[in-house]
Amino acid sequence: MQKIKEQDDLSLLIDLMPEKLKTYLQKHPRLLSLNEIVLDLGYKPEIRFDQEDIRLTDFDEVNFQDLEAIIQKIGKFNTDNRAGINRTLHRISAIKNREGRIIGITCRVGRAVVGTIDIIRDIVESNKNILFLGRPGIGKTTKLRETARVLANEFHKRVIVVDTSNEIAGEGDIPHPGIGLSRRMQVPSPDKQHAVMIEAVENHMPQVIIVDEIGTQEEAQAARTIAERGVQLIATAHGYSLENLIKNPTLSDLIGGIQSVILGDDEAKLRGTQKTVLERKNPPTFDILIEMPQKDQFLIYDDLARYVDNYLRGQFSQPEIRKREKDKIKIQKAKDLETPSEDPDLNLSQLHIFPFAISSDKLQKVIREINVPATIANSISAADIALTVPSQVKNNSKINKILEGRDMPLHVIKSNTISSITKFFIDFFQVDLDTKEEEKAVFEIENICAQVVKEKKPLEADPHNAYLRKLQHEIVEKYGLNSLSIGQTINRRLRVYPK
C-alpha cells in the first residue's frame with residue numbers, strides 16, 4: 001500500500017502570528033498535528049489539534065494591534081470573509097463587527113496529503129461520477145485535491161478544479177502543487193460557482209471536473225448538466241449521509257429528485273402500500289456516493305439509484321464499508337439486509353413487518369440500530385406480521401380490510417415514535433437491557449453534559465443501543481444542549497454540542 005505523506009508550508013502560517021505566539025508554536029511538540037489557530041478580540045489565543053483545543057492562559061488577551069498586524073501581512077479578504085497565503089492551502093477567515101471591522105480570525109492549516117485515496121483508488125479510476133459526503137473537517141476537500149492530482153498526473157486526463165474559496169488549490173494565481181497538472185478556475189464569489197462550473201465545460205474541454213461543496217439548487221442543476229455532457233464529475237455536497245440528501249429538497253436532484261406519486265386503488269393494494277408513495281424522478285447525477293463518517297472510513301453506495309429506490313420503499317441495503325486500520329485496508333462487502341442474518345449464533349429467522357400508519361424510516365432506523373432480525377415487507381403478502389397504532393384499528397378500518405381472510409397477527413403499538421417502536425422490538429425479541437447498563441449510560445451522559453456546559457465544546461459518549469441512546473438524548477435536552485447520533489451499527493453513539 002502506498003505510504004501517505006503530508007505536504008504543507010506551516011512556517012508561512014506561523015510567521016503571521018504575534019512574536020510570542022509564533023515562538024510558542026515553533027517549539028510546540030505537536031506542531032505537525034496543529035489544525036487551527038483562533039484569535040478573538042479580548043480573549044486569550046486558542047490552538048486546536050485533532051482531539052483537543054487548548055486555551056493559552058499564560059498569554060495576553062488579543063487586541064486590535066495583534067489583529068491588524070496579521071491583516072496587513074495577509075492583504076484583502078474576499079466577499080466570504082476569507083483570505084489565504086499564496087501557493088499554500090492555509091485559510092484565514094475573519095469575524096467582523098457591525099461596522100465591518102475585523103474582531104476575530106480563524107487560521108486553518110491546509111495540508112496536501114499524498115496517498116490518501118489509495119483506499120478508494122479503484123473507484124476514482126472508474127470514470128464514474130462520485131459524490132463525497134461527511135461533516136466539516138473530515139477530509140473531503142483533501143480527497144478532492146489528491147483525486148485531481150492522481151487523475152491529471154498519473155492518468156493524463158484533462159482535469160479542471162472549480163475552486164470557490166481557494167481551498168482545493170490554495171491562494172494566488174498559481175495553484176498549489178497538491179493538484180498536480182490539473183487546471184484551476186477560481187470563482188469570484190460563492191454565488192457564481194454554478195456559472196463557473198458551466199463555463200468550465202463549455203470553454204475548456206475537460207474530461208474531469210472537480211467541485212467542492214455543492215450547496216444550492218443552481219449548483220445541483222449545473223452538476224446535472226455536466227454529467228449529461230459526458231464529463232466525469234467528482235464533488236462534495238452539504239450533508240452527512242444519503243438520508244440527508246433524500247430529505248433535502250434543494251439537493252435531492254443530485255440523487256435523482258424525489259416526487260410524491262398517487263397510486264390507483266388496485267396498484268396500492270398490489271404493492272401493499274398507501275396510495276401516496278415517494279419515488280425517484282430521474283437518474284441520479286452521481287453514480288457513486290461515498291459517506292465519510294470518520295477520516296479513514298468510507299461507506300460506498302455503488303449503483304446509487306438502487307440504494308435510493310430501496311430507501312424510498314422502506315428497505316435498507318448496507319453499503320460497502322472500507323476502513324484503514326494501521327497498514328491494512330479492511331473491506332466489508334455490501335449486502336441486502338432483507339436476507340436472513342448470517343450470524344451463526346442467531347437462530348431467529350427474519351421477521352417481515354408490514355407497517356400501517358407507522359413511519360418506515362423510524363421502523364428501519366430502530367431495526368438497524370437495536371440490531372434485531374427484522375425487515376420491512378414490500379407488500380402485505382410478503383409479511384409475517386402487521387404493525388399499526390390504536391387509531392387505525394376501528395371497525396371497518398383499512399388495515400382490517402387488508403388483513404381480511406389472512407392468517408396474520410396484527411400488533412398495535414402505543415404511537416408512531418422511536419420509543420414505542422423500540423419498546424415493541426425489545427418485548428417481541430426479548431432484548432435484554434441490563435439495568436446496570438442503563439444506569440451507566442445515564443451517569444455517563446450527565447457527566448458529558450456537565451463538561452460540555454463548562455468547556456463549551458462538543459463531546460462524544462460511548463456506543464449504546466437505540467433504547468439507551470434515546471434515554472441519553474432526553475437527558476441532553478434537560479440540560480438545554482443539543483445532541484446527534486453518529487456512527488454506524490455497533491459504533492452508534494451520541495455527540496453532545498453546546499447550545
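The values are calculated or read from the model by the stated rules, or taken from the named source; none is laboratory data. Computed from a predicted model, the values in this text were never measured in an experiment. Please note: Cβ atoms are built from the backbone with ideal geometry, for glycine as well, and neighbour counts cover all protein chains shown.
Tabulated values for the structure
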| read-out | value |
| --- | --- |
| Among the residues listed as 227, 200, 222, the single one being part of a helix (DSSP H, G or I) and out of contact with any strand residue (DSSP E or B) (no Cβ under 7 Å at 6 or more places or on another chain) | 222 |
| Hey, residue 139 within 21 Å of residue 119 (Cα to Cα), at pLDDT below 90, in the same structural domain as residue 284 (by TED's automatic domain parsing) and surrounded by fewer than 24 Cβ atoms within 10 Å (Cβ to Cβ) or not | yes |
| Scope the stretch 19-56; condition among the hydrophobic types (A, V, I, L, M, F, W, C) and in contact with a Ser or Thr (Cβ under 7 Å, 6 or more places away or on another chain); matching residues | 38, 49 |
| Restricting the stretch 225-244 to residues that are under 22 Å from residue 299 (Cα atoms) and among the polar types (S, T, N, Q), the residue that is surrounded by the fewest Cβ atoms within 10 Å (Cβ to Cβ) | 244 |
| In the stretch 85-132, residue nearest to residue 224 (Cα to Cα) [restricted to those that are in a strand (DSSP E or B) and of a type in the set (D, E, K, R)] | 91 |
| Any hit, the stretch 260-272, residues being under 15 Å from residue 214 (Cβ atoms) and modelled with pLDDT of 80 or more | no |
| Conditions (1) buried (at least 17 other Cβ atoms within 10 Å of the Cβ); (2) out of contact with any helix residue (DSSP H, G or I) (no Cβ under 8 Å at 6 or more places or on another chain); (3) under 20 Å from residue 93 (Cβ atoms); (4) of a type outside the set (Lys, Arg): number failed by residue 189 | (1) |
| Every residue from the stretch 28-46 that is at pLDDT below 95 and aliphatic (A, V, I, L, M) | 31, 32, 34 |
| Residue check for residue 291: more than 30 Å from residue 190 (Cα to Cα), in contact with a Leu (Cβ under 8 Å, 6 or more places away or on another chain) and either surrounded by 21 or more Cβ atoms within 10 Å (Cβ to Cβ) or charged (D, E, K, R) (or both) | no |
| Only one of 60, 40, 80 that is in a loop (DSSP other than H, G, I, E, B) and farther than 23 Å from residue 186 by Cβ | 60 |
| Any hit, the stretch 198-205, residues being surrounded by fewer than 21 Cβ atoms within 10 Å (Cβ to Cβ) and polar (S, T, N, Q) | yes |
| Failed criterion for residue 307 (all others in (1) at pLDDT 90 or above; (2) closer than 21 Å to residue 365 by Cβ; (3) under 15 Å from the mean Cα position of the chain (by Cα) hold) | (3) |
| Residues located in the stretch 245-255, provided they are buried (at least 18 other Cβ atoms within 10 Å of the Cβ), among the polar types (S, T, N, Q) and not in a helix (DSSP H, G or I) | 248 |
| Residue ID - farthest from residue 131 (Cα to Cα), chosen from residues in the stretch 211-220 that are of a type outside the set (Gly, Ala, Ser) and crowded, with 16+ Cβ neighbours inside 10 Å | 218 |
| All positions within the stretch 177-197 that are touching a Lys or Arg at 6+ places or on another chain (Cβ under 6 Å) and either outside the structural domain of residue 225 (by TED's automatic domain parsing) or part of a loop (DSSP other than H, G, I, E, B) (or both) | 180 |
| Close pairs from the stretch 65-91: first farther than 22 Å from residue 192 by Cα, partner buried (at least 17 other Cβ atoms within 10 Å of the Cβ) and of a type in the set (Gly, Ala, Ser), Cβ under 7 Å, at least 6 apart | 74/83; 75/83; 87/170; 88/110; 88/170; 90/84; 90/110 |
| Filtered residues of the stretch 47-87 (kept if at pLDDT 90 or above and loosely packed, with under 11 Cβ neighbours inside 10 Å) | 57, 58, 65, 72 |
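Conditions tested, residue by residue: (1) surrounded by 14 or more Cβ atoms within 10 Å (Cβ to Cβ); (2) over 24 Å from residue 477 (Cβ atoms); (3) in contact with a Lys or Arg (Cβ under 6 Å, 6 or more places away or on another chain); (4) of a type in the set (S, T, N, Q).
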| site | (1), (2), (3), (4) |
| --- | --- |
| 412 | yes, yes, no, no |
| 422 | yes, no, no, yes |
| 441 | yes, no, no, no |
| 452 | yes, no, no, no |
